Amino acid sequence: MRTMALDIGEVRIGVAISDSEGRIATPLKVLAASDVLGDGAEFRRLVQDWEVEQLLCGLPYALSGEEGPQAASIKEKASRIARARNLPLFFADERMSSREAKRILREEGLDERAMRGKVDMIAASLFLQAWLDARFEHEDK
């Protein structure tokens, strides 16, 4: 089952996609938040071309494990996106994904300016991969 992950920000939304078996996450693209939230042509095309069957959105948790202050806004936006594309919606903990994405990009030699825009799709692929791994672990038990 192909899953599309969205790292929803105010300006940009990072997009990652799983393979058709739902085992491997790959960073895909960064889109303008207005395009995704407005069900724009580029976002619709991605969903259709990749034959997306479900959405996974990162949910900000505090280090204590409780939902962070932005969680309600993210849930509302994610629900709107899922309804527009008629897709099931799931949420994943995105707590450390942006920090880890920046670390990975720094290791590749990118500076802050070069990272801009890439962090969001890398972060989406990181929490998507963790979510996929957890699902397969659960299925194996």
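Could you give the nm distance between label points at Gln54 and Ala32, where each point is 7 Å from its Cα heading toward the beta carbon?
For Gln54 paired with Ala32, the spin-label model returns 3.2 nm.
If you count the DSSP beta bridges with both ends in the chain, what percent of them are antiparallel, to the nearest 5? Could the numbers behind the result be given before it?
Numbers: 13 of 22 bridges.
Here the share of antiparallel DSSP bridges comes out near 60 percent.
Leaving out ligands, DNA and RNA but keeping every protein chain, what accessible area does Glu67 have, in Å² rounded to the nearest 10, with a 1.4 Å probe?
Here the accessible area works out near 90 Å².
With n ≥ 4 as the cut-off for DSSP H runs, can you work out [θ] at 222 nm for the chain, using -39500 (n - 2.57) per run divided by the number of residues, rounded to the nearest 500?
Value at 222 nm, helices only, nearest 500: -14500 deg cm²/dmol.
Given a 1.4 angstrom probe, what's the average accessible area per residue across the chain, in square angstrom?
Numbers: 7870 Å² over 141 residues.
Spelled out: the 1.4 Å probe surface of the chain, per residue, equals 56 Å².
What does the charge dipole of region 1-63 about its Cα centre add up to, to the nearest 20 debye, if the Cβ of each Lys and Arg holds +1 and the Cβ of each Asp and Glu holds -1? If you can, show how the numbers build up before the last one.
Numbers: 6 positive and 10 negative charges, 19 e Å.
The dipole magnitude comes to about 80 debye.
Roughly what would the spin-label model give for Arg135 and Arg45, points 7 Å off Cα along C-beta, in nm?
Each label point lies 7 Å from its Cα, and together they span 2.6 nm.
Grab every C-alpha pair in region 85-141, bin the distances at 10 angstrom width from 0 up to the longest one, and report whole percents.
Pair shares across the bins are 22, 40, 26, 11, 1.
Please compute the contact order of the chain in relative form: average sequence separation of alpha-carbon pairs under 8 Å and at least six residues apart, divided by the residue count, as a percent. Let's see the in-between values first.
Numbers: 253 pairs, mean separation 44.6, N = 141.
RCO, the chain: 32 percent.
Region 5-61: which trypsin sites (Lys or Arg not before Pro) are DSSP loop and have at most 14 other beta-carbon atoms within 10 angstrom? If you can, show how the numbers build up before the last one.
On the way: sites: Arg12, Arg23, Lys29, Arg44, Arg45; in loops: Arg23.
When the trypsin sites (Lys or Arg not before Pro) of region 5-61 are filtered for loop state and at most 14 Cβ neighbours within 10 Å, Arg23 remain.
Using amide H atoms built 1.01 Å from N in the peptide plane, name the residues 5+ places from Gly68, or on other chains, whose amide H lies under 5 Å from its own.
Those qualifying (amide H under 5 Å, at least 5 residues apart or on another chain) are Tyr61, Ala62.
As a test of reading the structure, rank Asp7, Asp133, Asp35 by solvent-accessible area (1.4 Å probe, protein chains only), most first. Mind showing how you got there, number by number?
Details: Asp7 10, Asp133 75, Asp35 35 Å².
Result, largest first: Asp133, Asp35, Asp7.
Can I get the semi-axes of the chain's equivalent ellipsoid? Compute them from the C-alpha gyration tensor as square roots of 5 times the eigenvalues, in angstrom, largest first.
Values: eigenvalues 81, 70, 55 Å².
Taking √(5λ) for each eigenvalue gives 20, 19, 17 Å, largest first.
Which whole-number value in Å³ per residue fits the convex hull of the alpha carbons of region 1-60?
Numbers: hull volume 4.4 nm³, N = 60.
It comes to 74 Å³ per residue, whole-number rounded.
Once the principal axes of the Cα atoms of region 43-124 are found, what is the range along each, listed largest first in whole angstroms?
39, 36, 17
Please give the solvent-accessible surface of Phe91 in Å², to the nearest 10, using a probe radius of 1.4 Å with every protein chain present.
Result for Phe91: roughly 70 Å² accessible.
What is the local net charge at Leu46, summed over the other residues whose Cβ is closer than 11 Å to its Cβ (Lys, Arg +1; Asp, Glu -1)? Don't skip to the end; give the middle numbers.
Values: positive: Lys29, Arg44, Arg45, Arg85; negative: Asp35, Glu42, Asp49, Glu51.
Local charge sum for Leu46: 0.
The values are calculated or read from the model by the stated rules, or taken from the named source; none is laboratory data. Because the structure is predicted, anything quoted here is derived from the model rather than measured. Glycine gets a Cβ as well: all are built from the backbone with ideal geometry, and neighbour counts include every protein chain shown. Only protein heavy atoms, including side chains, enter the accessible area calculation; ligands, DNA and RNA are left aside. Shrake-Rupley method; radii C 1.70, N 1.55, O 1.52, S 1.80 Å.
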